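Chemist: One structure follows; several queries about it will come next.
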Amino acid sequence: LLDRGVARAGATVHVRPDGPQVGRLTSGTFSPVLKAGIGLALLAPDVAPGDEVVVNLRGRWLTARVTPAPLVESSPRD
């Protein structure tokens, strides 16, 4: 999420607040590493990595960026 908030399962994903639904979150939480809310969503095939979407979280519209996994690169082990 680009806006402050925590994504939750079941929230709908749209291209804009008055736009069509393009997906639904299957899970969400707060990432202490990224210091931001993150979520996993099933999205329509025309939504691409880098696209900005909005998530309807209990009536609040939060801006999010579509990012492929992994969200954080692992560091090499010694």
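Chemist: From the list L25, L34, which residue is free of Cβ contacts under 8 Å to residues at least 40 places away in the same chain and open to solvent by less than 20 Å² (accessible area, probe 1.4 Å)?
Modeler: Matching residue, one of L25, L34: L25.
Chemist: Condition check: open to solvent by 60 Å² or more (accessible area, probe 1.4 Å), of a type in the set (G, A, S) and on the phi < 0 side of the Ramachandran plot. Does A9 satisfy that?
Modeler: Yes: the conditions hold for A9.
Chemist: Of L57, L71, which residue is in contact (Cβ under 8 Å) with a residue 40 or more places away in the chain and either open to solvent by less than 40 Å² (accessible area, probe 1.4 Å) or of a type in the set (F, W, Y) (or both)? Give the steps one after another, and end with the answer.
Modeler: Details: L71 fails: either open to solvent by less than 40 Å² (accessible area, probe 1.4 Å) or of a type in the set (F, W, Y) (or both).
Step by step, each of L57, L71 is checked, and only L57 is in contact (Cβ under 8 Å) with a residue 40 or more places away in the chain and either open to solvent by less than 40 Å² (accessible area, probe 1.4 Å) or of a type in the set (F, W, Y) (or both).
Chemist: Working only within segment 1-35, note down all residues that are under 26 Å from S74 (Cα atoms), more than 10 Å from the chain's Cα centre (by Cα) and of a type in the set (A, V, I, L, M).
Modeler: A9, V33, L34 - these are the residues of segment 1-35 that are under 26 Å from S74 (Cα atoms), more than 10 Å from the chain's Cα centre (by Cα) and of a type in the set (A, V, I, L, M).
The values are calculated or read from the model by the stated rules, or taken from the named source; none is laboratory data. In this text the structure is predicted, and so the values were computed from the model without any measurement. So basically every Cβ, Gly included, is an ideal-geometry build from the backbone, and we count neighbours across all protein chains shown. For the accessible areas, the whole protein counts, side chains as well, though only heavy atoms, and no ligand, DNA or RNA atoms are used. Shrake-Rupley method; radii C 1.70, N 1.55, O 1.52, S 1.80 Å.
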